[in-house]
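Here the structure comes first, spelled out in structure tokens, and everything after it is commentary.
Every number in this text was worked out from the coordinates using simple rules, so none of it is lab data. Since this is a predicted model, take the numbers as computed values, not measurements. Cβ placement follows ideal geometry from the backbone for every residue including glycine, while neighbour counts extend to all protein chains displayed.
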Amino acid sequence: MNHQELRKIAGQLIMIRFPGTELDATTADFLRTNGIRAVCLFRGNMTDAAQLSKLTADLKAALGDEALIGIDQEGGAVVRSTWVPAPPAAMGLGAADDTDLAHRTGAAVARAVKALGFNWNFAPVLDLNNNPHNPVIAERSFGAEPIRATQLAMAWMAGSETEGVACCVKHFPGHGDTSVDSHRDLPTVDKPRSELEAFEFAPFRIAAPLAPAVMTAHIVYPAIDADNPATMSPAILDGILRREWNYDGVIITDGMDMHAIAGRYGVGNAAVRALAAGADMVMALGTTATQNETLDAIANAIADGTLTQAHIDARLKRLARLASKYPCTPREYTEDAADRVVMAEGWQRSLTARGNPQRPAPGSKVRLVARQDVVSDGVSEAGVSAARVAASLGQLYDVELVTFADADTFDWSALPDDGRYTILASTSRLRYGDHARATWRPDLHVALWNPYQALDIDAPALMTYGFAAPALDAVNAWLQGDIEAAGRCPVPGFA
């Protein structure tokens, strides 16, 4: 075979992304010329249901009958389609602790994304978050207790299964106990194999017989392979997942454009090493230039025998099986109103109190303190604006809004001592530093994203595990006394 024919084989083993909200002729030609079957769409590819449905239909026409169109619609802060019913975060479902609710939530998520033309959702997260300084998982995890967290995640996945959307559990073999974001650097989880087996590995081992796909972690586990991150580790992907656990679903890498990989190994070299280690598909997000580099590297590896024909055939078979079982066939979405009820239930039941918070009286004068900006960390969507939180609370109270640019310098003591009930609304994932910990004293802390922030501020807290509109509605329902905050945070440190 010539190089272009080999590139068309390589194209079947990668998933790409592209900019824009429509499939332009250049991108469509790139997909067809290189035999690419898989695309992941992000927030920048979406404006509304009509636009997105047309885009996914055009993509399916270009990708072919074995199209795999993926999305990260986990819930909480990690959602790409933001106008559909907003699912609670995994940790919120962990706080509600109800597998039936988790099942109904997973099904509702799948109905919405199926209707929009997707057949693959990169969820649920099986990482067990026991590290309070984890900068990227936190509320994306169902909890820290392996068995219960996995039961909830599997119920969520079973709900998705009933609606015909393939799930992809992540990030194997576990991203929960890290203090480094692999989008930015290469983390290490340095634990003996026995501890990994009892904790990190447990959810993935339980899920292996059922999960249609598994996403790898860009993390080094020295007890198993000191030289390679899991994404490129034969000992982890082939040795543990394939041979020890007999997993025969699809293994896909996390984004190979992430600094943990691209900056250290080069995208082409890393793609070949991941496929050789046991991955079936490489998430070659990046740019057209890095995607071309990846295609050329894989084509060359097939040509020189680094990737054998048997090796390639096994991967193509698993990918074809996934696409066949979960076809890209949109359905009419008639359950929007009913699914919003399911999601609202999840947000309300996940609401968690810490430190016996007291409700201000109806009509009270309230001072709301919140960040000026709303930020995205590149994985999550941007947080809720201070103005939106103020407008929500303004339905109940006379609200004065005070914003800060930098939590490390904001002078809490400068707030007027005028009797207003002071609410701090935390609208980013960032933990607070020493200054805020030592000096900020709100009457109520509403942690609208990362529940660990409730540990930073010496004040009664209400934790929502996310900032979607139904989270603000749940806060208001609590403030009015319509509901109690009955959730229990499913990670250590909150008792």
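A viscosity of 1.306 mPa s and a temperature of 10 °C, combined with the Kirkwood radius over Cα pairs in Stokes-Einstein, give a translational diffusion coefficient for region 248-311 of 136 µm²/s. List the residues whose amide H sits under 5 Å from the amide H of D254, counting only those 5 or more places along or on another chain, with H placed 1.01 Å from N in the peptide plane. Correct list: T216. Considering region 1-70 at the alpha-carbon level, its Rg and Dmax are found to be 12.2, 43 Å.
For a 26 Å ceiling on Cα separation, which of these pairs sit above it: K191/K317; K8/K60; K8/K317; K60/K317; K54/K170; K54/K317? Display every interim value, and only then the final one.
On the way: K191/K317 35 Å; K8/K60 17 Å; K8/K317 16 Å; K60/K317 19 Å; K54/K170 29 Å; K54/K317 29 Å.
In this structure, K191/K317; K54/K170; K54/K317 lie more than 26 Å apart at Cα.
Fully extending the segment from T33 to A50, taken as 0.36 nm per residue of separation minus the present Cα-Cα distance, adds 3.4 nm. Applying the Karplus relation 6.51 cos²θ - 1.76 cosθ + 1.60 with θ = phi - 60° to region 242-257 yields 3J(HN,Hα) values of 7, 7, 6, 9, 6, 6, 10, x, 7, 9, 10, 6, 5, x, 7, 7 Hz, where x marks Gly and Pro.
Remark: spin-label model distance D473-T308 equals 5.7 nm, labels positioned 7 Å along the Cα→Cβ axis.
Shape class for region 181-338, computed from the alpha carbon gyration tensor (a ≥ b ≥ c): rounded, with a/c under 1.5. With coordinates expressed along the principal axes, the C-alpha atoms belonging to region 352-479 extend over 38, 32, 26 Å, beginning with the largest. Considering only alpha-carbon pairs that sit under 8 angstrom and 6 or more positions apart, the relative contact order computed for region 363-413 is 48 percent. Computed from backbone phi with θ = phi - 60° and the Karplus coefficients 6.51, -1.76 and 1.60, the 3J(HN,Hα) list for region 10-23 is 4, x, 6, 9, 10, 10, 10, 10, 8, x, x, 10, 9, 8 Hz; x is used for glycine and proline.
Translational diffusion coefficient of region 298-391 (Stokes-Einstein, Kirkwood radius from Cα pairs, 4 °C, 1.567 mPa s): 64 µm²/s. Here r is the Cβ-Cβ distance between V375 and D227 and R0 is 51 Å; the resulting FRET efficiency, rounded to 0.05, is 0.90.
Computed from Cα atoms, the angle from the helix 99-115 axis to the main principal axis of the chain rounds to 60 degrees. Against the empirical curve 2.2 N^0.38 Å, the C-alpha radius of gyration of region 408-495 lands at a ratio of 1.11. Amide H contacts under 5 Å for F42: none, restricted to partners 5 or more places along the chain or on a different chain, H placed in the peptide plane at 1.01 Å from N. Coupling constants for region 164-177 follow from the phi torsions by the Karplus curve (6.51 cos²θ - 1.76 cosθ + 1.60, θ = phi - 60°), and in residue order they are x, 10, 6, 9, 9, 6, 7, 10, 5, x, x, 10, x, 9 Hz; glycine and proline get x. Each 5 Å bin from zero holds the following percent of Cα-Cα pairs in region 83-142: 4, 16, 26, 23, 17, 10, 3, 1. You can think of it this way: the chain between D482 and A289 has 64.0 nm of extra reach, that is 0.36 nm per residue less the Cα-Cα gap. Taking amide H as placed 1.01 Å from N in the peptide plane, the amide H of E400 sits under 5 Å from that of V366, R367, L368, each at least 5 places away or on another chain.
To the nearest 10 degrees, how steeply does helix 469-479 sit against the main Cα axis of the chain, on a 0 to 90 scale? Helix 469-479 sits roughly 30 degrees off the main axis of the chain.
With respect to the chain, whose longest principal axis is taken over its alpha-carbon atoms, helix 146-162 is tilted by about 70°. Summed over all non-identical Cα pairs, the Kirkwood treatment of the chain gives a radius of 23.2 Å.
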